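Reviewing the structure listed below.
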Amino acid sequence: MAEFDRPTIAAGAGSAAVIDQGLRSYMLRVYNYMAGGLVLTGVVAYFFSQWSVASEANMQLVYASPLKWLIILAPLAFVMVLSFGIARMSAGAAQLTFWAFAAVMGLSLSSIFLVYTGTSIAKVFFISAATFGAMSLYGYTTKRDLTAIGSFLFMGLVGIIIASLVNIFLASSALAFGISIIGVLIFVGLTAYDTQKIKLNYSASYGSDVLAKGAIMGALSLYLDFINLFLMLLRLTGSQRN
């Protein structure tokens with residue numbers, strides 16, 4: 001009987017190895033998309049900020065005209081397009097939309113180079129990268145189901161969005177500080193949750209087009225976790241220019 005079991009066991013082990021290799025390649029693609037998006041965002045943000053301060057006319061156009069609302073809200077539009085329209089896109093179109101989103105996000109984040117010192121931005125970036133890396137590794141390796149935590153974190157995210165909108169009118173520094181503290185905790189948790197979700201959503205049976213679009217959406221989720229974690233930490237610990 002044992003002789004008949006051996007081929008089955010060997011085949012099962014081989015399939016598991018193929019799936020494991022496929023998962024590693026898939027996750028690497030997700031992280032590569034995310035890292036590429038962050039690099040593009042950073043480069044665009046820096047050079048756009050330099051262009052903005054090159055003249056008073058540029059500064060007025062970008063930060064004191066209706067154009068600023070287009071720059072602020074455009075990234076949200078791209079996220080909505082990807083979130084609700086990716087099923088109807090080709091993999092190439094989805095990837096192009098992701099890169100366009102990352103570039104537009106760079107325009108939106110360019111103001112941080114005018115508010116905070118370069119040294120402060122670099123320091124917070126590396127802190128954010130280390131924190132993100134640790135939590136993403138935890139989410140990938142843990143055997144604990146993070147679904148319940150994810151639901152709780154999503155409710156917390158809705159809460160800080162509402163509080164942030166309210167604080168636009170209140171302009172309370174204490175409330176802003178509290179939002180940043182809670183925001184750091186939420187996005188640290190979401191990093192682990194989203195990583196586990198991306199891992200569990202992978203299936204070796206999916207076609208290449210589905211996997212390509214899944215990798216883009218996974219990269220988008222982790223990109224947003226990182227950017228928001230970075231911004232929350234920057235507000236808490238960043239050194240502002242005089």
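Read-outs: derived from the displayed coordinates by stated rules, not from any lab. All of these numbers come straight from a predicted model, not from anything done at the bench. Ideal geometry is used to build each Cβ from the backbone, glycine not excepted, and the neighbour counts take in all protein chains shown.
Phi angles of the stretch 37-50 translate, via the Karplus equation with coefficients 6.51, -1.76, 1.60 and θ = phi - 60°, into HN-Hα couplings of x, 5, 4, 4, 4, x, 5, 5, 4, 5, 6, 5, 5, 5 Hz per residue; Gly and Pro are given as x.
Each residue of the stretch 191-199 is assigned a 3J(HN,Hα), and the resulting list reads 4, 5, 4, 5, 4, 5, 5, 4, 4 Hz, derived from the Karplus form 6.51 cos²θ - 1.76 cosθ + 1.60 (θ = phi - 60°), x at Gly and Pro.
For R24, R88, the sequence from fewest to most other C-beta atoms within 10 Å is R88, R24. With contacts taken as Cα pairs under 8 Å at a separation of at least 6 residues, the stretch 2-237 carries a relative contact order of 31 percent.
Ranked for footprinting exposure by Cβ neighbours inside 10 Å, fewest first, S83, S164 give S83, S164. When each of the peptides 104-114, 206-216, 151-161 is scored by the mean number of other C-beta atoms lying within 10 Å of its residues, the order from highest to lowest reads 104-114, 206-216, 151-161.
Working from Cα pairs under 8 Å separated by at least six residues, relative contact order for the stretch 22-146 is 36 percent.
Between helix 118-141 and the chain there is an angle of about 20 degrees, using the helix long axis and the longest principal axis of the Cα atoms. I want to verify the translational diffusion coefficient of the chain in µm²/s; compute it with Stokes-Einstein, Rh as the Kirkwood radius over Cα pairs, at 10 °C and 1.306 mPa s. The Stokes-Einstein estimate is 80 µm²/s.
Farthest towards the positive end of the charge dipole of the chain, among the residues A174, S25, F154, is the Cα of A174, using unit charges on the Cβ of Lys, Arg, Asp and Glu. Sequence-ordered 3J(HN,Hα) estimates for the stretch 234-242 from the Karplus curve with 6.51, -1.76 and 1.60 and θ = phi - 60° stand at 5, 5, 7, 10, x, 9, 7, 6, 6 Hz, glycine and proline given as x. For Y116, list long-range residues whose amide hydrogen, built 1.01 Å from N in the peptide plane, is under 5 Å from its own amide hydrogen. Sorted by chain and number, the residues that satisfy this are R241. Its DSSP H runs of at least 4 residues, each contributing -39,500 (n - 2.57), put the calculated 222 nm mean residue ellipticity of the chain at -30000 deg cm²/dmol, to the nearest 500.
Listed by Cβ neighbour count within 10 Å, with the fewest neighbours leading, M27, M232, M59 appear as M59, M27, M232.
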